[in-house]
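**Q** Once you've had a glance at the structure underneath, I'll fire off some questions.
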Amino acid sequence: MARKERVQKSNAMRELDRAGISYDAVDLGSEEDVSRGLGERMATLAGMDLDATFKTLVCVSPQEDYVVCCIPVAQELDLKKAAQAAGEKSLALMPLRDLELVTGYVRGGCSPIGMKKAFPTLVDETAQLFDRMAISGGRRGLSLILSPEDLRRFCSAAYADIIRI
């Protein structure tokens with residue numbers, strides 16, 4: 001019988017395990033190229049629908065409050081819609097130089113689960129159309145596939161229309 005290859009646990013995986021939340025981990029190896037299109041490549045390699053594969057973006061308000069936004073990888077975040085949904089006057093994308101310091105994650109490996117601190121989280125409402133969705137597992141090349149509702153509950157997130165049309 002073939003032995004199943006073990007995936008090295010990420011902080012996001014450990015937190016889901018502690019919470020008793022079911023997920024599948026797909027480790028595609030280190031993806032060093034974090035240029036545009038990484039999410040689409042990851043979805044294809046994992047065999048996931050693009051619309052059910054979500055990326056995590058971290059935004060900052062003028063008061064330096066952080067908001068985590070999860071949107072489909074092929075879509076763009078609408079900062080005005082996200083600000084309104086978060087109850088903020090405005091939001092901007094967090095500068096990349098601050099990402100690891102604030103979240104503990106690097107670009108291309110940022111997960112809404114397991115950040116250094118829990119931040120308000122918005123999940124695009126389209127996630128509700130799927131039984132399972134993929135999110136970053138906390139490092140480049142690692143995807144976690146789980147129920148959108150489990151993600152929402154775990155992160156105390158809100159569903160909202162936050163993508164640009």
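The values are calculated or read from the model by the stated rules, or taken from the named source; none is laboratory data. As the structure is a computational prediction, the values presented were derived from the model and not from experiment. No Cβ is skipped: glycine too gets one built from the backbone with ideal geometry, and neighbour counts run over all protein chains shown.
**Q** From the list I71, I113, pick out the single residue that is over 18 Å from I162 (Cβ atoms), under 15 Å from the mean Cα position of the chain (by Cα) and not charged (D, E, K, R).
**A** Result of the check over I71, I113: I113.
**Q** I would also like to ask the following. Give all pairs with beta carbons closer than 7 Å in which a residue from region 139-165 that is under 23 Å from L93 (Cβ atoms) and acidic (D, E) meets a residue that is modelled with pLDDT of 95 or more and surrounded by fewer than 21 Cβ atoms within 10 Å (Cβ to Cβ); count only pairs at least 6 apart in sequence or on separate chains.
**A** Close Cβ pairs (under 7 Å, with a partner that is modelled with pLDDT of 95 or more and surrounded by fewer than 21 Cβ atoms within 10 Å (Cβ to Cβ)) amount to D161/K81; D161/E125.
Residue-by-condition table, conditions (1) closer than 25 Å to R97 by Cα; (2) of a type in the set (A, V, I, L, M, F, W, C); (3) surrounded by 15 or more Cβ atoms within 10 Å (Cβ to Cβ); (4) at pLDDT 95 or above:
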| site | (1), (2), (3), (4) |
| --- | --- |
| G20 | no, no, no, yes |
| S35 | yes, no, no, no |
| G39 | yes, no, yes, no |
| A43 | no, yes, yes, no |
| D49 | no, no, no, no |
| V60 | yes, yes, yes, yes |
| V68 | yes, yes, yes, yes |
| L77 | yes, yes, yes, yes |
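**Q** In addition: In region 93-117, which residues are closer than 22 Å to S10 by Cα, hydrophobic (A, V, I, L, M, F, W, C) and part of a loop (DSSP other than H, G, I, E, B)?
**A** V106, C110, I113, M115
**Q** Checking Y105 against (1) in contact with a Phe, Trp or Tyr (Cβ under 8 Å, 6 or more places away or on another chain); (2) buried (at least 23 other Cβ atoms within 10 Å of the Cβ): exactly one of these is not met. Which one?
**A** For Y105, the failing item is (1).
**Q** Among the residues of region 108-136 satisfying the criterion of being modelled with pLDDT of 95 or more and polar (S, T, N, Q), which is surrounded by the fewest Cβ atoms within 10 Å (Cβ to Cβ)?
**A** Of everything passing the filter in region 108-136, Q128 is surrounded by the fewest Cβ atoms within 10 Å (Cβ to Cβ).
**Q** With the condition kept exactly as written, say whether any residue in region 108-121 is under 12 Å from V67 (Cα atoms) and among the basic types (K, R).
**A** Yes: region 108-121 contains one or more residues that are under 12 Å from V67 (Cα atoms) and among the basic types (K, R).
**Q** Still on this model: So how many residues does region 118-165 have that are in a loop (DSSP other than H, G, I, E, B), touching a strand residue (DSSP E or B) at 6+ places or on another chain (Cβ under 6 Å) and within 17 Å of A83 (Cα to Cα)?
**A** Within region 118-165, residues that are in a loop (DSSP other than H, G, I, E, B), touching a strand residue (DSSP E or B) at 6+ places or on another chain (Cβ under 6 Å) and within 17 Å of A83 (Cα to Cα) number 4.
**Q** Sticking with this structure for a sec: Which residues, taken from region 37-57, are part of a strand (DSSP E or B) and out of contact with any Pro (no Cβ under 9 Å at 6 or more places or on another chain)? Step through it out loud before you land on a result.
**A** First pass over region 37-57, keeping only residues part of a strand (DSSP E or B): 53-57.
Within region 37-57, just L57 meets the criteria.
**Q** Kindly list the number of the only condition in (1) assigned to a helix (DSSP H, G or I); (2) farther than 19 Å from D49 by Cα that fails for S90.
**A** If we test S90 against (1) assigned to a helix (DSSP H, G or I); (2) farther than 19 Å from D49 by Cα, just (1) comes out false.
**Q** Looking at region 22-33 only, could you name the residues that are at pLDDT below 70 and either of a type in the set (D, E) or surrounded by 13 or more Cβ atoms within 10 Å (Cβ to Cβ) (or both)?
**A** Result: E31, E32, D33.
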